[in-house]
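Enquirer: Okay, handing you the structure first.
The values are calculated or read from the model by the stated rules, or taken from the named source; none is laboratory data. Keep in mind it's a predicted model, so treat the numbers as computed, not measured. Cβ placement follows ideal geometry from the backbone for every residue including glycine, while neighbour counts extend to all protein chains displayed.
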């Protein structure tokens, strides 16, 4: 079975700094894969490599077997790889519905020209786009704010909107970059359920960057740990929790070199 | 999956995904892909055709009314003003596509105007000569034929030609723009305007009709008047039609009609651009280019399309301008100063707002004429206005919103209009939905009310929460 | 051979004044990351101010009805405004700039006195330095005022807004400068402060005193700036702000003060450029004329070509641009001189946007 997302030995260096070194990853369809590591480890850089913002110096990237490294981000998105951003990047002045609409429109067949002339196909697709967008907003709990400006949304809703927007592109792989950062326990609890159910409901593989260890250990099938651009551990959550290298990366080594506790 | 936290009674998780209660706007299954949904919404092709064309038809009718009824009532001075306003709307509206919709800062727009103007003058002047429509004294060319006669047809063709040539120029400017950030893009567009100006100034004087008949088009293209301007363009765009030429024939230069016909095409195009999901992609590029690219929007293509479309209409506007009565196409007049005038219109009206820019174009064309005595102070006042607006109200008059997005319009005007005209001609506002969806929602909501009554606790909680 | 040498001298002189103006663009970009569109108009004001001061210095109106005394009134006004602003800064925000205000005021009075003395004696050539210094002070004050009123309120605003404001300021300066009670709409001719004699003769080319003076004065200012930016504490602070504004302020640098000083220096240099331009080219068109915009634009191109934000790069870029322009005009077509410069701009922006000496900045996604 082909992996939904597969990266093989991708690297990138900025000037003299090796930001990501020989990173490899394989995410099966419908899996929830976590990517963790201390700050500055290169996690978002990996996302940027996967989504085409940066071109990898080495290695290749595949989504359902289709080779994607070196392509433009928009081509990669069309191939089924969608993402959310660590620092929320919404289309602030546009409405909530518009944010999802623009992403959903990527799957439409009619282009600009047909929009100007308003062919029957365009009209049908436009209604379908709006319907799908509303469905997505509803399922993420923000449909009641459909007409509001995106930048006026409360923080939690903005994160939900980012997810709705990413889902609108009908992705096969979803990259979530710190989706619960800055949320309180109640909100995190809701988001946890939401993220978990995404993969079955939408048939997507999910790659998750997150700092909330409780959440990551609970919902991820498989975790990869990054430190200074290199993979230092990769495996099941239980194993990762006990891995001394991981503990060292996060907490450092205790002064009296005793048995590593957690 | 425990975190030891007790959820307060009545607050369920939000959204249906996490098992919460559906409420409100339920329309269907979010996982159904787009392609599967399209079939349900196919409209009748005839209805779609009518819907597509009727705004243009209405626009043409309005243009005709303006020309035949309004212009004579206004008298020559105000009719000319009306014409100028129309041309200004075309130019500012086209700039709005690049600066407002796509968010690219272009300050050399007059360059496209110049390209279009000269291209159209080339066609009408030398074309008229080759077709034998000389002025009685054979020192220039004359307008030919009545309203929508062969002369007007040549003129309209020259307008389209002007638009196409300008669009090509837009491609030339748009492609490099992809690699440039805001400030640098502004400088390059400025440079473009200046380059066109320099090149035009290098051309030789216009060839006299007697000698021009035998000249090739290539030669003609090198004789565009140079620094003194393209003297002798036939004036197909004048505010008062049904003039009589020297021979006593009635010749119609229905300038206001032409100008406002083009205005209506532009405005319809802009509106459709702005309200369609594809057109919203342009706005998305303006808002956050990186996110837009990540959502599958080809930002490069969007920007180039914006430039090319804007350039096309600017070229047509330039053609209108070149053939206006009392205007000699002149490189100095269409330089940086003109570009800035257009930028001011767009900024003060609200970058991205169609109605705002139309209003600003009208006001900023009207004011200098009405306050002619203070001509000296025009630019300092405009400049000051620009600075103050940027500091105090950077979104200009309307920002990115349209007139029909404003609160008072939605509350008072639209309900009244609905009573009169039903759903016709109501532009889509920010939160409005296509008719097909709205209909389905209202039936769902009716059915959903009953379901809601049973699941009430989460309703109130959601509204109070977050 | 004669032509080659003459062209070389011309391009050197033109390059000097481009360099001075380009530095204003580059310094401001360094600290604020924004292109000050209005900078070319400070150059224009500098040229016009030099003209008005010069006519005052030589004691007669160079042409129709322009009185040199008018500028002394303007100067008094400006000094009052500048002193007022600095006092305001001091009392409202505790900035210890009183001394600077006093120094500026005293310096202006001294220089005006010097000019009047020169006027009553012979050799107008001596008046070049006081005229230049006065013009520099004037434009420094102008630059500071612009920053305070138009750019500072927009410090946190999106880049586009500041750009539009800068265009507004540029237009404002141009058009207000044209009003009757300021500089008027008539082009003027700069009084010949410097005798029109040739200093040297090499290979049949007369190297004029004017050209030498222009290059020498420019070089002096450039070296002074180099010493300031790379060898003084203030210069270190300026460079720190240009690297990282937030961290610089955490290190105790008063960022606002640095920005104000940067604008003052950049504007003063532009004024010097304006004076040198007036000295060399003599004919001064009205403030809103396109020639000024072009000059400013070319200086901007010089800054970009050298790597915007890079002080030494600005000088290198300026010399390169002026060489291309002047040699192109002499050996190819004089009508297309603007075109050559724009072609270089577009080539640089497309192929090496960080310029010859700049480094590219990667945006964090």
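Condition check ((1) closer than 26 Å to residue B:172 by Cβ; (2) within 20 Å of the chain's Cα centre (by Cα); (3) touching a residue at least 60 places away in the same chain (Cβ under 8 Å)) across all residues:
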| position | (1), (2), (3) |
| --- | --- |
| C:308 | yes, yes, yes |
| C:311 | no, yes, yes |
| C:315 | no, yes, yes |
| C:335 | yes, no, no |
| C:340 | yes, no, no |
| C:349 | yes, no, no |
| C:352 | yes, no, no |
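Enquirer: Can you find, within the stretch C:237-287, the residue that is farthest from the chain's Cα centre (by Cα) among those that are part of a helix (DSSP H, G or I) and loosely packed, with under 15 Cβ neighbours inside 10 Å?
Expert: Going through the qualifying residues, I end up with C:250.
Enquirer: When you scan the stretch B:119-126, do you find a residue that is within 14 Å of chain A (Cβ to nearest Cβ) and surrounded by 16 or more Cβ atoms within 10 Å (Cβ to Cβ), even just one?
Expert: no
Enquirer: Restricting attention to the stretch B:266-282, does a residue exist that is away from chain A (no Cβ under 11 Å), modelled with pLDDT of 90 or more, closer than 27 Å to residue B:180 by Cβ and within 16 Å of the chain's Cα centre (by Cα)?
Expert: yes
Enquirer: Does the stretch A:59-74 contain any residue that is crowded, with 24+ Cβ neighbours inside 10 Å, facing chain B (nearest Cβ under 10 Å) and either modelled with pLDDT of 90 or more or more than 16 Å from the chain's Cα centre (by Cα) (or both)?
Expert: Scanning the stretch A:59-74, I find at least one residue that is crowded, with 24+ Cβ neighbours inside 10 Å, facing chain B (nearest Cβ under 10 Å) and either modelled with pLDDT of 90 or more or more than 16 Å from the chain's Cα centre (by Cα) (or both), so the answer is yes.
Enquirer: Failed condition for residue B:396, given (1) not in a helix (DSSP H, G or I); (2) not assigned by TED's automatic domain parsing to the domain that holds residue B:81, with all others met?
Expert: Residue B:396 satisfies all of (1) not in a helix (DSSP H, G or I); (2) not assigned by TED's automatic domain parsing to the domain that holds residue B:81 except (2).
Enquirer: May I ask you to say which residue of B:388, B:363, B:344 is within 13 Å of chain C (Cβ to nearest Cβ), modelled with pLDDT of 90 or more and surrounded by fewer than 20 Cβ atoms within 10 Å (Cβ to Cβ)?
Expert: After ruling out the rest, the residue left standing is B:388.
Enquirer: While we're looking at this one, here's another question. Looking at the stretch B:208-221, is at least one residue within 14 Å of chain C (Cβ to nearest Cβ) and in contact with a helix residue (DSSP H, G or I) (Cβ under 7 Å, 6 or more places away or on another chain)?
Expert: no
Enquirer: Would you be able to tell me the number of residues in the stretch C:334-357 that are more than 10 Å from chain B (Cβ to nearest Cβ), farther than 20 Å from residue C:312 by Cα and in contact with a helix residue (DSSP H, G or I) (Cβ under 6 Å, 6 or more places away or on another chain)?
Expert: 1
Enquirer: How many residues does the stretch B:162-184 contain that are under 21 Å from residue C:26 (Cβ atoms) and either crowded, with 24+ Cβ neighbours inside 10 Å or within 8 Å of another protein chain (Cβ to nearest Cβ) (or both)?
Expert: Within the stretch B:162-184, residues that are under 21 Å from residue C:26 (Cβ atoms) and either crowded, with 24+ Cβ neighbours inside 10 Å or within 8 Å of another protein chain (Cβ to nearest Cβ) (or both) number 4.
Enquirer: Mind checking whether some residue in the stretch A:35-54 is in a strand (DSSP E or B), under 25 Å from residue B:292 (Cα atoms) and in contact with a helix residue (DSSP H, G or I) (Cβ under 7 Å, 6 or more places away or on another chain)?
Expert: Yes, that holds for at least one residue.
Enquirer: Let me ask something else about it. Looking at (1) within 13 Å of chain A (Cβ to nearest Cβ); (2) modelled with pLDDT under 80, can you tell me which one residue B:244 breaks?
Expert: (1)
Enquirer: Now, a different point. Where residues in the stretch B:283-298 are facing another protein chain (nearest Cβ under 7 Å) and touching a residue at least 40 places away in the same chain (Cβ under 8 Å), which of them is nearest to residue B:55 (Cα to Cα)?
Expert: B:283
Enquirer: Okay, next question. Among A:9, A:13, which is the only one that is on the phi > 0 side of the Ramachandran plot and in a strand (DSSP E or B)?
Expert: A:9
Enquirer: Does the stretch A:196-205 contain any residue that is over 30 Å from residue A:73 (Cβ atoms) and part of a strand (DSSP E or B)?
Expert: No, every residue in the stretch A:196-205 fails to be over 30 Å from residue A:73 (Cβ atoms) and part of a strand (DSSP E or B).
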